[in-house]
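The block underneath contains the structure these notes are about, expressed in structure tokens.
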Amino acid sequence: MRAVLVDKPGDESVLRVGDAPAPAMGAGDVRIRVAAAGVNRADLLQRQGLYPPPPGASEILGLECAGVVREVGAEVRGVKPGDRVMALLAGGGYAEEVVVSAGCVLPVPDALSLEAAAAVPEVFITVFLNVFQLAALPEGGSVLVHGGGSGIGTASIQLVKAAGGRIFVTAGSDEKCRRCRDLGADLAVNYRTGDFAEAVRAATDGRGADVVLDSIGAPYLRANLRSLAVGGRLVLIGLMGGARAELGMGELLARRLSIIGSTLRARPDAEKAEAVAGFRARFADSLASGRVRPIVDRVLPLEDVAEAHRAMKASEHFGKIVLRLA
């Protein structure tokens, strides 16, 4: 099968399309003929040798895909050959075929193309897991999300609004802030020119947000804590800005704050399946109706994978970048 191969860690130039063996099936697995795969920042880290796949996962890049089921294992129920599906992966998405546990597979709504569907699983399940399950966003609560123009950001805006909450975001340009507001954000702060903690507190009459979802890490720690309401929860899902910061723990005690570290990729299939099922139960109707939808910035052929990585590194995109395989 055709797949994106990485012979050694490095920049975009190490990516090439070549031949790879088709993955083996298990009794609880589904084999998908991949039509499109979403691109995520984790893929860039893996390409550089900084984020290896979990034990047993494919070495091929790609944490989400969409396509058509070719084969199902003997123990699989509710999925059959010919179904249009999207899947949350631990790896392997940048390839013509992928094998994944059936619990990590979701049906593609009729209204979505397979290319659009490939932009759903990783970011929408990440937001659902961290904001709604781990951080337990209260009814009518508020969330601050960094990178409002990213896949995570655009998914957060829509899911929080669909749930009846308020959503505040940061972005790196006035234009991206405008687009976030157009998508539904209650507040969008250009982090290059504004103080997001002060803006969030002003927008909440001094109370602060119930949840902060952060992929930046160390540089934002103090401002994130200032952004939280009493009893608020900071969920850390990335360290793009650095991993070390000083923390005054007295503030955690005095204001009853929680800091939660979270990753999705390395979780056991059973935990991923639980998150997938929870997302479907709460938001499948919204996805089917178009009330929430993936925001796709561009679709590139698999052969242009290096350009896709370059564009993501430069943050040129708004929403998701998708690779077309079929």
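The values are calculated or read from the model by the stated rules, or taken from the named source; none is laboratory data. Here the structure is a predicted model, which is why all the values come from computation and not from measurement. Methodologically, a virtual Cβ is constructed for each residue, glycine included, from the backbone with ideal geometry; neighbour enumeration extends over all protein chains shown.
Could you list, in sequence order, all residues of the range 224-251 that are crowded, with 18+ Cβ neighbours inside 10 Å, within 18 Å of Arg41 (Cα to Cα) and either acidic (Asp, Glu) or free of Cβ contacts under 8 Å to residues at least 60 places away in the same chain (or both)? The one that is crowded, with 18+ Cβ neighbours inside 10 Å, within 18 Å of Arg41 (Cα to Cα) and either acidic (Asp, Glu) or free of Cβ contacts under 8 Å to residues at least 60 places away in the same chain (or both): Leu236.
When each of Ala24, Ala74, Ala42 is tested for being out of contact with any Pro (no Cβ under 8 Å at 6 or more places or on another chain), outside the structural domain of Gly147 (by TED's automatic domain parsing) and within 16 Å of Ile321 (Cβ to Cβ), the lone residue that passes is Ala42.
Taken over the range 164-182, the residue count meeting the criterion of being buried (at least 21 other Cβ atoms within 10 Å of the Cβ) and touching a helix residue (DSSP H, G or I) at 6+ places or on another chain (Cβ under 8 Å) is 6. Filtered by the rule that a residue be under 18 Å from Val108 (Cβ atoms), surrounded by 15 or more Cβ atoms within 10 Å (Cβ to Cβ) and either charged (D, E, K, R) or touching an Asp or Glu at 6+ places or on another chain (Cβ under 9 Å) (or both), the range 283-318 gives Ala288, Arg293, Val296, Val299. Listed by first and then second residue, the pairs linking a residue in the range 300-323 that is under 17 Å from Gly151 (Cβ atoms) to a residue that is basic (Lys, Arg), with Cβ atoms under 7 Å apart and 6 or more places separating them unless they lie on different chains, are Leu300/Arg324; His309/Arg47; Met312/Arg41; His317/Arg298; Phe318/Lys176; Phe318/Arg179; Ile321/Arg298.
Residues of the range 200-258 that are in a helix (DSSP H, G or I) and either closer than 19 Å to Gly165 by Cβ or not assigned by TED's automatic domain parsing to the domain that holds His146 (or both): Val200, Arg201, Ala202, Ala203, Asn224, Ser227. Residues that are in contact with a strand residue (DSSP E or B) (Cβ under 8 Å, 6 or more places away or on another chain) and crowded, with 16+ Cβ neighbours inside 10 Å within the range 193-214 comprise Phe196, Ala199, Val200, Ala203, Thr204, Gly208, Ala209, Asp210, Val211, Val212, Leu213, Asp214, listed in sequence order.
Taking Ala57 as the residue in question, decide whether it is among the small types (Gly, Ala, Ser), assigned to a helix (DSSP H, G or I), in the same structural domain as Asp297 (by TED's automatic domain parsing) and closer than 24 Å to Val305 by Cβ. So Ala57 fails the test.
Do we find a residue being within 30 Å of Arg16 (Cβ to Cβ) and of a type in the set (A, V, I, L, M, F, W, C) anywhere in the range 140-147?
no
Take the range 9-37 and flag every residue that is in contact (Cβ under 8 Å) with a residue 40 or more places away in the chain and assigned to a loop (DSSP other than H, G, I, E, B). Explain how you work it out, then say what you get.
First, pick out the residues of the range 9-37 that are in contact (Cβ under 8 Å) with a residue 40 or more places away in the chain: 9, 12-13, 15, 17, 20, 22-37.
Answer for the range 9-37, where residues must be in contact (Cβ under 8 Å) with a residue 40 or more places away in the chain and assigned to a loop (DSSP other than H, G, I, E, B): Pro9, Ala20, Ala22, Pro23, Ala24, Met25, Gly26, Ala27, Gly28.
With respect to Ala270, is the statement that it is over 17 Å from the mean Cα position of the chain (by Cα), assigned to a helix (DSSP H, G or I) and in the same structural domain as Arg47 (by TED's automatic domain parsing) true? Answer is yes for this residue. Among the residues of the range 10-29, those that are surrounded by 12 or more Cβ atoms within 10 Å (Cβ to Cβ) and farther than 19 Å from Leu89 by Cβ comprise Gly10, Asp11, Glu12, Val14, Arg16.
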